[in-house]
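Contents: one structure, followed by commentary.
What follows is calculated from the coordinates using simple rules that are stated; it is not laboratory data. Here the structure is a predicted model, which is why all the values come from computation and not from measurement. Glycine also receives a Cβ, built like all others from the backbone with ideal geometry; neighbour counts cover every protein chain displayed.
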Amino acid sequence: MPSGYDDEWFDAPTLDTDVSAMPAAVCRGVRKVYRTADEEVLALADVDKDFPSARVTSIVGPSGSGKSSLLRILACVDRPTEGSVLIAGTEVAGLGPRGRRMLRRTSVAYVFQNPIDNLVEYLDVTDQMKLAARLRGQRPTEAEIDRLLRTLGLEQRANHKPVQLSGGEQQRVAVACAVIGHPAIVVADEPTAELDSASAERVLQAVHDLREEGVAFILSSHDPAVVAASDHLLRLDHGRVAESW
Ligand SMILES: Nc1ncnc2c1ncn2[C@@H]1O[C@H](COP(=O)(O)OP(=O)(O)O)[C@@H](O)[C@H]1O
Ligand SMILES: [Mg+2]
C-alpha cells in the first residue's frame with residue numbers, strides 16, 4: 001500500500017463525529033481537589049478552555065496556581081474531581097485505567113522539564129524518533145525523519161546519543177519525538193526551565209515550526225519568552241482562570 005494511504009488511515013477519525021473540526025482538547029468546569037489525611041486542597045476550580053490543533057497554548061501563573069495539576073489531567077495521568085475533559089473527541093472522565101492508557105498512547109505526548117528524562121540513554125537521535133513513533137503504532141519514513149531533523153536544526157546530530165547532545169538539543173529531540181506519531185496534544189510542563197535563554201529560544205522556535213504538524217502544544221511556564229511564542233494563553237490564579245485568550 002502506498003505510504004500516502006497509510007497516513008490517511010492513521011489520520012482518519014475513528015469516531016462518528018468530525019473530530020478534525022473540534023479543538024484537540026476541551027476542558028469544561030474542571031475542578032480538582034486533592035484529599036490528604038487531614039485536609040482538602042482545591043487545586044483547580046471552574047476551568048473552561050479549548051486547546052486548538054496546530055496552535056501553542058501556554059498555561060501561566062504563580063507557583064501553586066494549578067498549572068501542573070491541569071497538565072496532568074490533560075495528559076490523562078490524573079483525573080478531574082469534577083468536570084469534563086475531551087481529548088481528540090473522547091471524554092476522559094468516563095474512561096477506566098485501560099482506556100486512559102490507550103488514549104495516552106495514541107493521542108497524548110508528554111515532554112518532561114528535564115531534557116534527559118525524555119530520552120533513552122543508549123539510542124541515537126534517529127532511533128529515539130523511530131521508537132517514539134513505534135510506541136504509537138506508526139512507522140515514519142526516512143523522509144519524515146529527515147524533514148523533522150532539518151526543521152529542528154539537528155541534521156548533523158542524527159547519529160548522536162543523548163550524552164553527546166546539549167540540553168537544548170536534547171529538548172529539541174524530545175519535541176520531535178513528541179510530535180512524530182501525530183498525537184492530538186503535546187503537553188510540556190515548564191519545558192525550558194532547565195535551559196539557558198538561547199537554548200530555550202531554539203526549543204520554542206522548534207515548537208512553533210512543528211505546529212504545522214497539526215498537534216496542539218500545551219506548555220506551562222514562568223518564562224515570558226514562552227508566552228511571547230504562544231498563540232493562546234491561560235492564566236491561573238489559585239486554580240481559577242484569571243485570563244484566557
Ligand atoms: N498530590 C497532591 N496532593 C496534595 N496537594 C497537591 C498535590 N499536587 C498539587 N497539590 C497542591 O495543589 C495546588 C496546585 O499545585 P500545582 O498544580 O503543582 O501548581 P503549579 O504547577 O502551578 O505550581 C498547590 O496548592 C499544591 O500544593
Ligand atoms: Mg508545576
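Assorted remarks:
- Under a model in which nothing but the beta-carbon of Lys, Arg (+1) and Asp, Glu (-1) is charged, the chain shows a dipole of about 520 debye around its Cα centre.
- Taking the stretch 3-244 as the region of interest, the number of lysine pairs whose Cα atoms are within less than 22 Å, with members eight or more places apart or on different chains, is 4.
- In this rough spin-label picture, where each label sits 7 Å from Cα along the Cβ direction, the LEU233-ALA54 distance is 2.4 nm.
- Highest GNM mean-square fluctuation among PRO52, PRO97, PRO140, for the chain modelled with Cα contacts below 10 Å: PRO97.
- Bridge type composition, the chain - antiparallel percent by DSSP, nearest 5: 55 percent
- Contact order, relative form, for the stretch 172-236: 41 percent (alpha carbon pairs under 8 Å, 6 or more residues apart, mean separation divided by residue count).
- Surrounding net charge for ASP189, when Lys and Arg each add one and Asp and Glu each subtract one, Cβ distance under 13 Å: -3
- For the chain, the 222 nm mean residue ellipticity estimated from helices alone, with every DSSP H stretch of n ≥ 4 adding -39500 (n - 2.57) and the total spread over all residues, rounds to -9500 deg cm²/dmol.
- Within the listed set ALA188, ALA229, ALA24, the Gaussian network model of the chain (springs between alpha-carbon atoms below 10 Å) gives the highest mean-square fluctuation for ALA229.
- In this calculation the C-beta distance from TYR34 to ALA198 is compared with R0 = 45 Å, giving a FRET efficiency of 0.75.
- Relative contact order for the chain, counting Cα pairs under 8 Å that sit 6 or more residues apart, in percent: 28 percent
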